[in-house]
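Just below is one structure, and these are the notes that go with it.
The values are calculated or read from the model by the stated rules, or taken from the named source; none is laboratory data. Given the structure is predicted, the values throughout are model-derived calculations rather than measurements. No Cβ is skipped: glycine too gets one built from the backbone with ideal geometry, and neighbour counts run over all protein chains shown.
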Amino acid sequence: MYRDTALVCLNGHLVNDAFNRVPRNNSEFCPRCGERTINACEQCSSAIPGDLLNSPEDEFVFLGGPSSYERPAYCRGCGKPFPWTASALDAAKEYAAEIEGLSDDERRLLSESLDDLVTDGPRTAIAVSRFKRLANKAGTGAVEGFRSILVDVMSEAVRRQMFGS
């Protein structure tokens, strides 16, 4: 098996999951939002994993239909968050600071739990429980706001725990 490289914009939009195999689909800027694109981690230069192929010479090109590609949240070379993950976490923390219906301590606790929601580690279960309790206390609008910010940088398992299917 061979994994191609992906080209992703700084906002996390997939531009090309076959950077090497189908270079005609590469672009310096994202066609959805105009942000600059990258194909490697800006911290360590490890390639962003792309489409999985049988071999580097695999010429099969799938046109149309939904892609099965899942954009990574963290670099497999250095463990740092990709720009889209860092931006989503920053936005979620800013959102947590502005939620009404929670005390200052509750907003701080919610904000501090957000990193654990996207790392899928030992503290994730605690973070999910805390998030559900505090976000539900703040209301449905708060839950939906967080969902729209974080859903693309969470693992499938955490998404299901927090928001259902």
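Of the numbered criteria (1) out of contact with any helix residue (DSSP H, G or I) (no Cβ under 8 Å at 6 or more places or on another chain); (2) in a helix (DSSP H, G or I); (3) more than 24 Å from Y69 (Cα to Cα), the one A157 fails is (3). Here's a check for you: in the stretch 121-165, which residue that is within 16 Å of the chain's Cα centre (by Cα) and among the small types (G, A, S) is surrounded by the most Cβ atoms within 10 Å (Cβ to Cβ)? Applying the filter and picking the extreme gives G145.
Let's see how each residue does on (1) under 16 Å from the mean Cα position of the chain (by Cα); (2) at pLDDT 95 or above; (3) surrounded by 13 or more Cβ atoms within 10 Å (Cβ to Cβ):
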position: A18; (1), (2), (3): no, no, yes
position: S55; (1), (2), (3): no, no, no
position: A88; (1), (2), (3): yes, yes, yes
position: I99; (1), (2), (3): no, no, yes
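Can you tell me which residue is modelled with the lowest pLDDT among those in the stretch 118-165 that are hydroxyl-bearing (S, T, Y) and farther than 20 Å from A91 by Cβ? Among those residues, the one meeting the criterion is S165. In the condition set (1) within 24 Å of L10 (Cα to Cα); (2) touching a residue at least 12 places away in the same chain (Cβ under 8 Å), A135 is compliant with all but (1).
Residues that are outside any helix (DSSP H, G or I), modelled with pLDDT under 95 and closer than 26 Å to A6 by Cα are absent from the stretch 101-117.
A Cβ distance below 8 Å, combined with a sequence gap of six or more or placement on separate chains, defines the contacts here; from the stretch 7-23, residues that are in the same structural domain as E35 (by TED's automatic domain parsing) and under 13 Å from Y69 (Cα atoms) reach residues that are hydroxyl-bearing (S, T, Y) and at pLDDT below 95 in the pairs L14/S67; L14/Y69; D17/S67; D17/Y69.
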